[in-house]
Structures are given as structure tokens and as C-alpha cells.
1. Going by how many other Cβ atoms sit within 10 Å of their own, how do 71, 40, 99 line up, fewest first?
2. Could you give the spread of the C-alpha atoms of the range 69-136 along their three principal axes, from largest to smallest, in whole angstroms?
3. Under the definition of Cα pairs under 8 Å and six or more residues apart, what whole-number percent is the relative contact order of the chain?
4. Per 10 Å bin, what percent of the C-alpha pairs of the chain does each bin hold, from zero upward?
5. Label points 7 Å out from Cα along the Cβ direction at residue 8 and residue 26: separation in nm?
6. HN-Hα J couplings of the range 93-107 from phi, Karplus 6.51/-1.76/1.60, θ = phi - 60°, integer Hz, Gly and Pro as x?
7. What angle, in degrees between 0 and 90 and rounded to the nearest 10, separates the Cα long axis of helix 54-64 from the longest principal axis of the Cα atoms of the chain?
8. Once the Cβ-Cβ distance between residue 103 and residue 48 is put in as r, and R0 is 30 Å, what FRET efficiency do you end up with, to the nearest 0.05?
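A short reminder: the numbers here are calculations on the coordinates, not readings from a lab. Being a predicted model, the structure only gives us computed values, none of them experimental. Here the Cβ positions follow ideal geometry from the backbone for every residue, glycine too, while neighbour counts run over all protein chains shown.
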Amino acid sequence: MPEGIHITSSLTLPLGEIELRTSRSSGPGGQHANVTASRVEAVFDVEASATLSEEHRRRILARCGPRVTAVAQDARGQARNRTLALERLAERLRRALAVQRPRRATRPSAGARQRGKDAKRRASQRKHERRRPGDE
């Protein structure tokens, strides 16, 4: 069993900081699902984490809030759902930590502007041709 989940090349969260809760699943398993707690919910408290740097903490809080949660009830077994929940939690944290490139402002090209004007002219002509002959 791993001692933590790998988020980025420089960040691995210890499993002690992740709360794993189990409950009965509404997913697959038939009658088996009625007697086993196979649904797993992984909860990570961002503000209480000692592993995160201030920059990581600020970024995750801005995008996900103070608690990041991932749920898995896809499989019949609790062990597989636990693995899935931890993977989903890691992916959610990875997306929250990703630095977005700043958008570069662009302008439409001359050809695109000309095509827009041509389309507008054709639409106007089409509507003009639909009018009654005596309306002019």
C-alpha cells in the first residue's frame, strides 16, 4: 500500500491527510451491495494540510474550495473503489494546481472580416428578394 498519492513531480500527499469514508453503494453489485460498504469518499482538507506550500494552498482554495472531495462507487469491491477515489482526488488536485497560460489577445484576419461582410451582404440580399415587389 502506498504511503501517499502522487500529485505532481514535486508534491506527494501522505494518506494521513486524506480522510477516507465508506458507505453503502448504489452502484453495481446486486444483493452484494446491500451488505457491504463499498462506496468510498476521499476528502482532503486543504487548510489543515501541512504538506502544501502557501502557493499550492492558495491555488487549490481559489479553484476547489477548502475541502476537495472525490467519490467512487463504480466497482463492487471497496479496495478498487478506494483506488479510484484516490486517483480522482489526485486528478482534481492536479487540475487545480495547473498554471493557466495567459490569453493572448488576437484580432480577426482581413480575410475573416471580408468573409463576414460577404455573408452579411448575402443574407441581406436574400431577405430583400423575399419581399413583395410593390413594397419599395
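1. Listing 71, 40, 99 from fewest to most nearby Cβ atoms yields 99, 71, 40.
2. Result for the range 69-136: principal-axis Cα extents of 78, 33, 16 Å.
3. This gives 21 percent for the chain.
4. It works out to 11, 27, 17, 10, 9, 13, 9, 3, 0, in whole percents.
5. Spacing of the two 7 Å Cα→Cβ label points: 3.6 nm.
6. Going residue by residue, I get 5, 4, 5, 5, 8, 5, 8, 7, 5, x, 6, 9, 5, 10, 10 Hz, with x marking Gly and Pro.
7. Rounded to the nearest ten degrees, it is 60.
8. Plugging the Cβ-Cβ distance into 1/(1 + (r/R0)^6) gives 0.30.
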